[in-house]
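As structure tokens, the structure follows; a few thoughts come after it.
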Amino acid sequence: MYDDAPGCDGSPGASRPCDYVYDPAQGDPHNGIDPGTAFEDLPEDWICPVCGEPKSEFKKEA
Ligand SMILES: [Zn+2]
């Protein structure tokens, strides 16, 4: 796996946590992100394709 793959922390108040993890190898086709795009290179307005959490709220796995 990727050391730099950040996970979504879920939306505040959500009934269940979001377990989405951005995978640079796959990109995010749902948001038009090409495979091979590093998390750092995502647009600032990119959001979680599952729950809509903003990029700034993503956390890197310890
Ligand atoms: Zn999410």
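The values are calculated or read from the model by the stated rules, or taken from the named source; none is laboratory data. Quantities reported herein were computed from a predicted structural model and do not represent experimental measurements. Cβ: placed from backbone, ideal geometry, glycine included. Neighbour counts: every protein chain shown. For the accessible areas, the whole protein counts, side chains as well, though only heavy atoms, and no ligand, DNA or RNA atoms are used. Shrake-Rupley method; radii C 1.70, N 1.55, O 1.52, S 1.80 Å.
Go through region 6-58 and give me each residue that's among the β-branched types (Val, Ile, Thr) and touching a Leu at 6+ places or on another chain (Cβ under 9 Å). Show your work before the answer.
Taking region 6-58 as the starting set, the residues that turn out to be among the β-branched types (Val, Ile, Thr) are 21, 33, 37, 47, 50.
Hit for region 6-58 is ILE33, nothing else.
Yes or no: SER15 at pLDDT below 95 and surrounded by 12 or more Cβ atoms within 10 Å (Cβ to Cβ)?
It is false that SER15 is at pLDDT below 95 and surrounded by 12 or more Cβ atoms within 10 Å (Cβ to Cβ).
Being closer than 14 Å to PRO6 by Cβ, open to solvent by less than 50 Å² (accessible area, probe 1.4 Å) and at pLDDT 95 or above, is that true of even one residue in region 28-36? Outline the logic, then answer.
Start the filter on region 28-36 by keeping residues that are closer than 14 Å to PRO6 by Cβ, which leaves 28, 33.
With open to solvent by less than 50 Å² (accessible area, probe 1.4 Å) added as a condition, the list becomes 28, 33.
Now restrict to residues that are at pLDDT 95 or above: 28, 33.
Among the residues of region 28-36, at least one is closer than 14 Å to PRO6 by Cβ, open to solvent by less than 50 Å² (accessible area, probe 1.4 Å) and at pLDDT 95 or above, which makes the answer yes.
Applying the selection to region 17-39, what residues are in contact with a Phe, Trp or Tyr (Cβ under 8 Å, 6 or more places away or on another chain), among the acidic types (Asp, Glu) and assigned to a loop (DSSP other than H, G, I, E, B)? Give the derivation first.
Applying the first criterion (in contact with a Phe, Trp or Tyr (Cβ under 8 Å, 6 or more places away or on another chain)) to region 17-39 yields 22-25, 28, 31, 33, 39.
Now narrow it down to the ones that are among the acidic types (Asp, Glu): 23, 28.
Correct list: ASP23 only.
Just need a number here: residues in region 40-62 that are open to solvent by 30 Å² or more (accessible area, probe 1.4 Å), under 12 Å from CYS8 (Cβ atoms) and assigned to a helix (DSSP H, G or I).
Of the residues in region 40-62, 2 are open to solvent by 30 Å² or more (accessible area, probe 1.4 Å), under 12 Å from CYS8 (Cβ atoms) and assigned to a helix (DSSP H, G or I).
Does ASP23 meet the test of being more than 13 Å from the ligand (Cβ to nearest atom), modelled with pLDDT under 90 and open to solvent by less than 80 Å² (accessible area, probe 1.4 Å)? Steps first, please.
Details: more than 13 Å from the ligand (Cβ to nearest atom): yes; modelled with pLDDT under 90: no; open to solvent by less than 80 Å² (accessible area, probe 1.4 Å): yes.
Criteria not met by ASP23.
Taking region 25-39 on its own, how many of its residues are under 16 Å from CYS8 (Cβ atoms) and of a type in the set (D, E, K, R)?
To start, the set of residues in region 25-39 that are under 16 Å from CYS8 (Cβ atoms) comprises 26-28, 30-31, 33, 39.
From the residues that got through so far, the ones that are of a type in the set (D, E, K, R) too are 28.
Within region 25-39, residues that are under 16 Å from CYS8 (Cβ atoms) and of a type in the set (D, E, K, R) number 1.
Could you count how many residues in region 37-54 are within 10 Å of the chain's Cα centre (by Cα) and within 12 Å of ALA5 (Cα to Cα)?
Number of matching residues: 1.
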